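I have placed the structure first, in the form of structure tokens, so that the comments after it can refer back to it.
The values are calculated or read from the model by the stated rules, or taken from the named source; none is laboratory data. Computed from a predicted model, the values in this text were never measured in an experiment. Every residue, glycine among them, receives a Cβ derived from its backbone with ideal geometry; neighbour counts consider all protein chains shown. Heads up: the accessible areas ignore ligands, DNA and RNA and are worked out on the full protein's heavy atoms, side chains in. Shrake-Rupley method; radii C 1.70, N 1.55, O 1.52, S 1.80 Å.
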Amino acid sequence: MHRGRTTGKGPSTLTQIYQPPPQLLIVHIALPSWADICSNLCDALQNFFSLACSLMGPSRMSLFSLYMVQNQHECILPFVQVKENFTRLQACISELRMLQREGCFRPQGTSLPLAVEDGLQQFKQYSKHVTRGAALTYTSLEITVLTSQPGKEVVKQLEEGLRNTDLGRVRRLQVVEVTKGILDCMDSASPIEEPSNDESSILGTDIDLQTIDNDIVSMEIFFKAWLHNSGTDQEHIHLLFPSPCFSNISRARDNPMCLKCDLQERLLSPSLLPGTADGSLRMDDPKGDFSTLYHMASQSSASRYKLQVIKALKSSGVCESLMYGLPFILRPTSCWQLDWDELETNQQHFHALCHSLLKRDWLLLAKGGPVSLGHRHRAPASTFYVIMPSRSLTLLVKAVATRELVLPSPFPLLPEDPPDDSLKTVESMLDSLELEPTYNPLQVWSHLYSHLSSTFGKPQGGLHPSWESRALRKHPCKAGQLQTNRVRATVAPLLMTPAPGRAPKMPAASKPSSEAAFLPSEP
């Protein structure tokens with residue numbers, strides 16, 4: 001087993017803001033299953049990047065690189081900035097579509113570990129030359145190997161091939177197995193298989209194993225997880241209870257109960273998409289377009305953002321018209337700086353809270369940390385939140401209106417008996433509607449992806465390289481003819497030095513890209 005990786009993360013600073021890690025995607029191609037996966041994967045990547053490249057506000061995804069492993073490994077796209085770079089990523093996806101779907105080849109067991117090593121060296125080189133002197137540097141990256149082969153076999157292959165590789169700069173290495181099944185009814189909003197306690201998803205080393213179904217929605221949701229704030233350097237929120245609430249389990253009556261939580265978005269705000277807002281995200285803005293809570297909690301600080309529970313509420317006594325903004329999810333924290341006993345106790349208390357709130361049919365009213373409005377001698381404005389339990393180990397948080405924001409609205413009581421003629425007409429109309437037991441957002445789409453793709457991308461016809469162009473790349477003598485069809489590298493990968501017993505040097509076909517000089521990024 002290779003050495004466990006270390007993150008090298010130091011204590012949080014007052015001004016440090018969460019920096020999303022670069023993502024390296026390695027597509028492990030096996031024939032003939034690639035023919036079944038290719039179209040779904042490329043459509044999912046196209047949809048995801050049309051969204052990720054268009055989002056305004058702070059960057060949610062920094063760098064992206066794509067490798068392909070077939071009979072050898074090849075860098076299709078070196079590390080590039082994701083934001084506002086959809087055209088370049090679209091060209092990369094178009095090239096991925098044109099990869100060979102039929103035939104056979106002799107697989108090489110060392111190609112996949114070599115792709116990981118090559119991508120890691122490219123990342124180190126990028127960090128050294130591109131981010132030198134920048135305010136934010138990239139200290140670690142996440143690597144995803146997407147394969148149609150049995151996941152456990154791929155994990156073993158990586159374990160053996162990376163035995164002597166220094167993975168200190170790798171924040172996460174995961175293998176994602178694409179299964180042959182599809183979501184017939186798309187009933188699940190999260191097709192990613194959660195790790196079970198019976199079968200460990202971490203096999204021997206720090207290599208995670210997941211499975212997803214071979215359909216566009218499942219792959220799309222997997223990629224969207226890259227947009228989450230997944231930092232574990234610190235907990236995001238402290239949920240504080242008055243001392244008497246948990247006096248029986250607190251060490252002292254004057255020591256309030258504190259649950260340490262991580263914050264996660266449930267939805268992307270439409271205001272972050274072009275044409276709906278100017279992208280200026282103010283932390284004191286009560287509109288709810290982009291919640292104050294998320295901005296305050298996502299910034300590193302010596303004192304964590306706090307939610308102070310004020311009182312409990314009956315769930316039937318809260319009018320939904322008084323809630324505003326996008327909802328957020330609270331989970332038990334997974335901060336690595338806490339010891340195991342504290343993490344376990346925190347999760348047990350969180351579990352007990354969710355269970356008790358559901359049993360009592362209660363909600364919680366909480367007051368958020370103060371939001372300064374820039375006036376030294378004036379009391380800062382506060383935001384109040386309603387915290388709702390669910391059947392999962394999560395709490396839903398929504399901002400709730402205060403006296404200052406409420407407008408007068410008459411609500412006349414509903415008469416008991418409407419006129420018979422009107423009642424029959426309306427009931428007949430309602431009976432003609434199709435009734436669904438639940439609302440499934442995965443079955444409703446607004447054509448947003450196609451709108452963003454057509455707005456920020458180029459016509460697809462001019463992006464697909466021809467088969468002749470791709471064949472030329474395999475012959476170094478004609479490499480000069482490929483410049484108009486290939487995406488130029490921002491930073492070229494370093495030459496690999498195989499360890500003893502490894503595969504020989506990279507074939508000549510891949511040397512031109514490995515030996516290339518530094519090239520400026522194309523607009």
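Could you go through the range 309-318 and let me know if any residue there is touching a Gly at 6+ places or on another chain (Cβ under 7 Å) and either open to solvent by less than 30 Å² (accessible area, probe 1.4 Å) or modelled with pLDDT under 90 (or both). No: zero hits. Within the range 123-131, not a single residue is in a loop (DSSP other than H, G, I, E, B), open to solvent by 50 Å² or more (accessible area, probe 1.4 Å), at pLDDT below 90 and of a type outside the set (A, V, I, L, M, F, W, C).
Which ones in the range 309-323 are among the small types (Gly, Ala, Ser) and either within 10 Å of Trp362 (Cα to Cα) or touching a Leu at 6+ places or on another chain (Cβ under 9 Å) (or both)? Scanning the range 309-323 gives Ala312, Ser315, Ser316, Gly317. Would you say Lys398 is modelled with pLDDT of 90 or more and within 25 Å of Glu265 (Cβ to Cβ)? Answer is yes for this residue. Take the conditions (1) open to solvent by 20 Å² or more (accessible area, probe 1.4 Å); (2) at pLDDT below 90; Ala297 misses just one of them, which is (1).
Restricting attention to the range 409-459, report how many residues are assigned to a loop (DSSP other than H, G, I, E, B), surrounded by fewer than 10 Cβ atoms within 10 Å (Cβ to Cβ) and either modelled with pLDDT under 85 or among the acidic types (Asp, Glu) (or both). Residues meeting the conditions: 8.
Being in a loop (DSSP other than H, G, I, E, B), at pLDDT 75 or above, out of contact with any Cys (no Cβ under 9 Å at 6 or more places or on another chain) and under 19 Å from Val175 (Cα atoms): is that true of Gln157 here? Considered against the rule, which asks whether it is in a loop (DSSP other than H, G, I, E, B), at pLDDT 75 or above, out of contact with any Cys (no Cβ under 9 Å at 6 or more places or on another chain) and under 19 Å from Val175 (Cα atoms), Gln157 comes out as no. Taking (1) at pLDDT 90 or above; (2) touching a strand residue (DSSP E or B) at 6+ places or on another chain (Cβ under 7 Å) in turn, Phe48 satisfies each apart from (2).
Count of the range 229-256 residues, restricted to those that are open to solvent by 20 Å² or more (accessible area, probe 1.4 Å) and either at pLDDT 80 or above or more than 23 Å from Gln308 (Cβ to Cβ) (or both), is 6. Given the criteria at pLDDT below 90 and either open to solvent by 90 Å² or more (accessible area, probe 1.4 Å) or not in a loop (DSSP other than H, G, I, E, B) (or both), does Glu404 qualify? The answer is yes for Glu404.
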